[in-house]
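Student: Please find one structure pasted underneath; my questions will follow.
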Amino acid sequence: MSDIRENPEFAALLRYSAAIGADAALVQGAGGNVSLKIGDGSGDTLWVKASGTWLLEAERRDIMVPVALAPLQEAIAASDEAAIEDLRRFVRMEKNRAGLRPSIETTLHALLPHPVVVHVHCVETIAWACRNDAEAALAPLLAGIAFAFIPYVRPGAPLTRVIAARLGDAPGAIDVLVLGNHGLVVGAATVAAAGRLIAEVAGRLRRRPRPPPFPRALPDYAQYRPAKDPMVHAIATDALSLAVARRGSLYPDHVIFLGPGIAETTAGDPVMLVLPGRGVLLREDASGGALALARCLADVTARLAPDEPLRPLSADQERELLGWDAEQYRKTQDRR
C-alpha cells in the first residue's frame with residue numbers, strides 16, 4: 001500500500017482524531033495524541049501524532065509520524081533514556097514526508113501492545129485525577145473496566161518507565177490508564193473500540209459543572225483583551241472555581257501554555273489575567289493553545305470544590321516542565 005491514507009483503519013483514526021480534536025471536553029489545542037501500529041514489508045511501524053500538531057486538523061494536514069516500532073521498544077526495554085528522549089532517531093524518514101517530530105508521548109504508545117492507543121486530556125478524568133485520593137475514588141466508578149491509576153510523573157520517558165513497572169509482564173491486561181494530574185489513555189484493537197471506551201470512561205466519570213456567572217464590566221489593560229469564550233470568565237466570577245484555581249496548577253498543559261497557577265496582577269506579563277469577581281483577560285498575543293487551556297481550566301474548576309483533597313503540581317514539577325526541551329518545542333509549534 002503506497003499511501004498510508006488508503007489504509008481503512010488509518011483513515012478511521014484520522015476521522016476520529018478530528019472529531020475528538022473538536023471536542024474541548026476531550027482535547028485542548030495541541031494536547032492529546034493517538035497512534036496505530038501497522039505491519040509492512042520493512043517491519044512494524046508506529047504511526048503516532050506529531051508533537052505540536054492539533055488533532056482537530058487530522059484530515060486537513062499531515063499530523064502523523066512513522067516510527068520504527070521494534071527499535072524503539074528495544075530502547076524502552078533497555079531503559080536507554082538518552083535514546084528515547086530523542087525520538088527523532090526512530091523516525092522512518094522515507095515515510096515522514098512532512099518532516100514532523102514524534103509526540104512526547106510516543107514511548108507510551110510503543111509500550112502498550114494494543115493496535116490503537118488514544119490519549120486525551122478529558123476534563124471529566126482530570127477532575128478526578130488531580131485528587132489525592134484519586135485511585136480509591138476511581139475504583140468504584142470504573143468497576144468492570146481493566147484500568148490502572150498512574151500517579152503523576154513528568155510525561156515522556158519518566159512516565160513510560162513508571163507505567164512499564166506498573167503493568168509488568170502483562171501490559172495487554174490493562175485497557176485504560178488514568179494518569180494522575182494528566183488525563184486518560186485507552187488501548188483497543190480498533191479505532192471504533194477505542195472510541196467506545198473513551199466515551200464509556202468519560203460518561204462514568206462525568207460531574208455536573210456549575211453554571212458560569214456572567215462577567216462584570218472589565219477594565220482596559222494594555223496588551224490584554226477580555227476572553228471571547230464566555231465560559232472562561234467563570235474562573236474569576238465563580239467564587240468556588242476561583243478558589244480551586246488558586247490551589248495551583250492541576251495538569252501539565254496548563255503550566256506549558258498559561259504558566260504556573262493563575263495570575264491576578266500584570267506583574268510578569270502573564271498570558272492570562274484573572275480579575276476576581278469580574279472576569280478573565282488574555283494577552284493579545286496568546287496562542288491558540290493558551291486560549292484552549294484557559295477554557296480547560298474553566299471546565300475543570302467548574303467540576304471541583306475547593307474543599308476537595310486536591311493535589312496540584314509542585315513548584316519543582318512545574319519547573320521540570322518549563323525547562324524541558326520537548327515541551328518548549330511543542331509550545332513553539334503552537335505559536336506557528
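The values are calculated or read from the model by the stated rules, or taken from the named source; none is laboratory data. Values in this document were obtained by computation on a predicted structure and should not be read as measured data. Note: ideal-geometry Cβ built from the backbone for every residue, glycine included; neighbour counts use all protein chains shown.
Student: When you go through A24, A68 one by one, which is the residue that is touching a residue at least 60 places away in the same chain (Cβ under 8 Å), surrounded by fewer than 22 Cβ atoms within 10 Å (Cβ to Cβ) and not aromatic (F, W, Y)?
Tutor: A24
Student: Inside region 138-147, can you point out the residues that are surrounded by fewer than 17 Cβ atoms within 10 Å (Cβ to Cβ) and at negative phi?
Tutor: Within region 138-147, A139, P140, L141, A143, I145, A146 qualify.
Student: Looking only at region 287-323, count how many residues are of a type in the set (K, R), out of contact with any Leu (no Cβ under 9 Å at 6 or more places or on another chain) and within 23 Å of A202 (Cβ to Cβ).
Tutor: Summing the residues that are of a type in the set (K, R), out of contact with any Leu (no Cβ under 9 Å at 6 or more places or on another chain) and within 23 Å of A202 (Cβ to Cβ) in region 287-323 gives 2.
Student: For region 27-56, how many residues are farther than 18 Å from C122 by Cβ, crowded, with 21+ Cβ neighbours inside 10 Å and aliphatic (A, V, I, L, M)?
Tutor: Count: 4.
Student: For region 226-336, which fully contained helices (runs of 4 or more DSSP H) count at least 3 residues that are within 23 Å of E57 (Cα to Cα) and in contact (Cβ under 8 Å) with a residue 40 or more places away in the chain?
Tutor: 252-258, 288-301, 325-335
Student: I would also like to ask the following. Among the residues of region 166-179, is any of a type outside the set (A, V, I, L, M), out of contact with any strand residue (DSSP E or B) (no Cβ under 8 Å at 6 or more places or on another chain) and over 18 Å from A110 (Cβ atoms)?
Tutor: No, the conditions are met nowhere in region 166-179.
Student: Looking for something in a loop (DSSP other than H, G, I, E, B), out of contact with any strand residue (DSSP E or B) (no Cβ under 9 Å at 6 or more places or on another chain) and at pLDDT below 95 - is there at least one such residue anywhere in region 118-135?
Tutor: No, the conditions are met nowhere in region 118-135.
Student: Now a separate question. Can you work out which of the residues in region 248-257 that are among the aliphatic types (A, V, I, L, M) and crowded, with 23+ Cβ neighbours inside 10 Å is nearest to I235 (Cα to Cα)?
Tutor: L250
Student: What residue, among those in region 148-177 that are closer than 22 Å to L13 by Cβ and in a strand (DSSP E or B), is farthest from the chain's Cα centre (by Cα)?
Tutor: Only one residue fits best here, namely V176.
Student: So which residues in region 263-287 are more than 16 Å from P230 (Cβ to Cβ), of a type outside the set (A, V, I, L, M) and buried (at least 19 other Cβ atoms within 10 Å of the Cβ)?
Tutor: Within region 263-287, P270, S287 meet the criteria.
Student: Considering region 199-242 alone, what residues qualify as being more than 16 Å from L282 (Cα to Cα), of a type in the set (A, V, I, L, M, F, W, C) and at pLDDT below 95?
Tutor: F214
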